[in-house]
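A short worksheet on the structure shown next.
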Amino acid sequence: MNIEKATKKYEEWLSAHTSIVRADLSLKHKRMATDVFSFFRATFYRWVQLWPEACGSLSQAPRVLAVGDLHVENFGTWRDVEGRLVWGVNDFDESAPLPYAIDLVRLVASAMLAVEAGHAHIKPREICDEVLSGYGAALAQGGKPFVLEEEYPWLRQVAVSTLRDPEHFWKKLTALPPVRSEIPGSATKALEQALPDRGLQYRVLHRVAGMGSLGRPRFVALAEFSGAKVAREAKALVPSAVHWARGDRDPAEIYYKSVTDRAVRCADPFLYLHKKWIVRRLSPYCSRIELSVLPANREDCRLLSSMGYETGNIHMGSPKAIKDVRKHLKQQKAGWLLDASAQMLKAVKKDWHDWRSADQS
């Protein structure tokens, strides 16, 4: 099955679980052709389809509740219940029980793409060493959330430097177009419950964001509260593409809440699920750290190690599997992570070239 056919079949499967925003899906297809990293981010469904063939032995690795669609742009900041700035994985749309290695391989592959694009300066073998070092430390220590207060000053500097200027952030959000179509009642209820006051007047706007989730319904409620703007987003919650790759027509479970509840982390008190919607606060201080602002210096080593550690924080949510994960890690030959990441990237790049050729024809 080639990338065009896989994409068509996946999107048909997806349409059985949520309504599709056709204009956003068309935009996603165009962005997939622009560069290989955008294609990589947009096609987790293809990654998980190719995984068993490209990394056969790793497919038998111990299973954990994994992130699934893990990559270097799947990290960001939020405020915890104490108002403290926290850093970590901030997207669990594709979470599912998976071999632990799939998260590590996808993280390393994304970092290798970042290097190719000039956003980091570190050798592939070093990337693997840093990620494995952080991951192993998390498993050995039982994990620890990244609360950017008295600790992690270098990471706090990276995170704070990416926080969007509030004036610019709200100007951009306010300029979003209003939703013209009918808003599902469950989405309206989800947004109203998330706002700080039940009686607030608000506008519902259409926001285009992300790559993997582009094409799914996404609504933003924008309101004034105590003299300043507030915003809440409701994004469609759908089963992981893992189920599509396995041929599951009617998946029985969505794992978003399970993985966030069980991982070692300081929770975002404004993130919750309402029926088939993921609801969260939008603000300058709750943001994804983008590829373009990753540190292009020796801090990239510490950042990759921290990403590996945070991956361990997530996997610690499957405590019964950790002993087997440690054992499996020790049994791997030197260079296994680099080999697997290179193998998967080879498949991704072939698909990208095929997608571009079809897009230009």
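Among the listed pairs 28/123; 123/349; 123/333; 5/30; 30/257; 28/171, those with a Cα-Cα distance over 22 Å are 28/123; 30/257; 28/171. Under 5 Å between amide hydrogens, built in the peptide plane, is the criterion, and for residue 277 it picks out 237 among residues at least 5 positions away or on other chains. From most to least packed by mean Cβ count within 10 Å, the peptides 182-191, 231-240, 314-323 give 231-240, 314-323, 182-191.
Using C-alpha pairs under 8 Å with a sequence gap of at least 6, the mean separation divided by the residue count of region 1-140 gives a relative contact order of 19 percent. Taking every alpha-carbon pair under 8 Å whose residues sit at least 6 apart, the chain reaches a relative contact order of 31 percent.
Across the chain, the volume of the C-alpha convex hull divided among the residues equals 139 Å³ per residue. Between 82, 192, 12, the GNM of the chain built on Cα springs shorter than 10 angstrom shows 82 fluctuating the most. Highest mean packing first, where packing is the average number of other Cβ atoms within 10 Å per residue, the peptides 256-265, 332-341, 213-222 line up as 213-222, 256-265, 332-341. Per-residue packing, averaged as other Cβ atoms within 10 Å, sorts the ranges 144-151, 344-351 into the order 344-351, 144-151, beginning with the highest. Taking Cβ atoms as reference points and 13 Å as the exclusive limit, the residues near residue 337 contribute a net charge of -2, counting Lys and Arg as +1 and Asp and Glu as -1. A Cβ-based charge dipole, computed about the Cα centre of the chain with Lys and Arg at +1 and Asp and Glu at -1, lands at about 540 debye. Each of 301, 286 was scored by other Cβ atoms within 10 Å of its Cβ. Arranged with the fewest first, they read 301, 286. Using the Karplus relation 6.51 cos²θ - 1.76 cosθ + 1.60 with θ = phi - 60°, the per-residue 3J(HN,Hα) values for region 239-244 come to x, 5, 4, 4, 5, 4 Hz, with x marking Gly and Pro. Ordering 181, 143, 161 by the projection of their Cα atoms onto the charge dipole of region 137-227, which places +1 on the Cβ of Lys and Arg and -1 on the Cβ of Asp and Glu, puts 181 at the extreme positive end. Amide H to amide H, with H built 1.01 Å from N, residue 66 comes under 5 Å of 96, 98, counting only residues 5 or more places away or on other chains. Residues whose amide H lies under 5 Å from that of residue 286, counting only those 5 or more places away or on a different chain, are absent; hydrogens are built 1.01 Å from N in the peptide plane. Of the candidates 267, 101, 111, which one comes out as most mobile in a Gaussian network treatment of the chain with C-alpha springs shorter than 10 Å? Largest GNM mean-square fluctuation: 267.
Only helical runs count toward this figure. For the chain, summing -39,500 (n - 2.57) over DSSP H runs of n ≥ 4 and dividing by all residues gives -15000 deg cm²/dmol at 222 nm. Relative contact order, whole percent, for region 114-268 stands at 17, derived from Cα pairs under 8 Å and 6 or more residues apart.
Among 124, 99, 153, the largest mean-square fluctuation in a Gaussian network model of the chain, built with springs joining Cα atoms closer than 10 Å, belongs to 153.
Every number in this text was worked out from the coordinates using simple rules, so none of it is lab data. As the structure is a prediction and not an experimental result, all values here were calculated from the model. Don't worry about glycine lacking a Cβ; one is built from the backbone with ideal geometry, like all the others, and counts go over all protein chains shown.
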